[in-house]
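Nothing in this text is a laboratory measurement; each read-out follows from the coordinates by a stated rule. Predicted model, so just to flag it, every value in this text is computed and none were measured. Don't worry about glycine lacking a Cβ; one is built from the backbone with ideal geometry, like all the others, and counts go over all protein chains shown.
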Amino acid sequence: MTARATVAHMGFALALICGCASTPTTEAIVVDGATTTVAGWLSTTGQWAVYQNRRFESYSPYGLAEEKKCVTLVNGTGIAAETFAHLEGHRVVVSGQAIRYDALPIGPSSADRLMSKRYFGGDLVEDYCWREWVFVAREIKPQ
């Protein structure tokens, strides 16, 4: 093995040991009826959500443990959603309350009833994160 190859292998091994080659994660995001805050990486594109790590572009909720899934956010701040666009991809702390996704009312149209489309304050809530709970955001602060 050449000196260059040895150094490359050592660098790779060091990256694995220190975790530099792994996806950076935060602590688990636990949500239940008593949850009043969630923290993580915010996505404001489409349905709002908070993710456990910064690399959420390729996220898939299938097969993940509940605490590893993202948390669907509902805008309950009373402020236009566009106001929070500058926080896209930033770590945030969200204050509010958790509600069961199934407790949200189904929309009034026959298509809503057929597809079980659920709404909060007139806004469609799509549970992209596939959790039992969604989180109504009352306040969002950068961390």
Inset, instruction - Compute the length gained on full extension between Leu114 and Glu139: take 0.36 nm times their separation in residues and subtract their Cα-Cα distance, giving the result in nm to one decimal. - result: 5.7 nm
Inset, instruction - Would you mind checking which residues have amide H under 5 Å from Leu104's amide H? H placed 1.01 Å from N; only 5 or more apart, or other chain. - result: none
Legend entry - Residues Trp48, Trp130 arranged by fewest to most Cβ contacts within 10 Å: Trp130, Trp48
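Quick one: compute the contact order of region 20-143, relative version, from alpha carbon pairs under 8 angstrom and 6+ residues apart, as a percent. List each step's numbers first, then the result.
On the way: 244 pairs, mean separation 38.8, N = 124.
The normalised contact order for region 20-143 reaches 31 percent.
Would you kindly state how much longer the chain becomes between His90 and Tyr59 on full extension, computed as 0.36 nm times their sequence separation minus their alpha carbon distance, in nm to one decimal?
Details: separation 31, 0.36 × 31 = 11.16 nm, distance 1.61 nm.
9.5 nm is the gain from fully extending His90 to Tyr59.
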Inset, instruction - Sequence neighbours fewer than 8 away in the same chain don't count; with that in mind, list the aspartates and glutamates whose C-alpha is under 19 Å from Lys117. - result: Asp102, Glu126, Asp127, Glu132
Inset, instruction - Collect residues whose amide H, placed 1.01 Å from N in the peptide plane, falls under 5 Å from the amide H of His90; neighbours closer than 5 in sequence don't count. - result: Leu42
Legend entry - Approximate shape of region 24-142 as ellipsoid semi-axes (Cα gyration tensor, √5λ), whole Å, largest first: 22, 17, 14
Legend entry - Residue-by-residue Karplus 3J(HN,Hα) for region 58-71, coefficients 6.51, -1.76, 1.60, Hz, glycine and proline x: 9, 5, 9, x, 5, x, 8, 5, 3, 6, 8, 7, 6, 10
